[in-house]
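Just so you know, all these numbers are worked out from the coordinates, no wet-lab data involved. Just so we're clear, the structure is a prediction, and the values are computed from it rather than from any experiment.
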Amino acid sequence: MVKRLIECLPFFQMSIVFDYIQKYPFRTKQILGISYEQLQLLLNCALNRHQEIRARQEK
């Protein structure tokens, strides 16, 4: 699920840190200070906000 979200956010696509987190999700807390689940929620919120802004701009 996170992988699909990341594909929508190009600035993450080449991220070494993101690749590492995808491979070792249990290390997310040590790297970012938030859990992997919290990261997923954050990315979902960012994607939703991005889509809202794009929809508003297209009107």
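HN-Hα J couplings of the stretch 30-41 from phi, Karplus 6.51/-1.76/1.60, θ = phi - 60°, integer Hz, Gly and Pro as x?
Computed from phi, the couplings for the stretch 30-41 are 5, 7, 9, x, 10, 6, 4, 5, 5, 4, 4, 4 Hz.
Per residue of the stretch 49-59, in order, report the coupling 6.51 cos²θ - 1.76 cosθ + 1.60 (Karplus, θ = phi - 60°) as ³J(HN,Hα) in whole Hz, putting x for Gly and Pro.
Running phi through 6.51 cos²θ - 1.76 cosθ + 1.60 with θ = phi - 60° gives 5, 4, 5, 4, 5, 4, 5, 5, 5, 7, 6 Hz.
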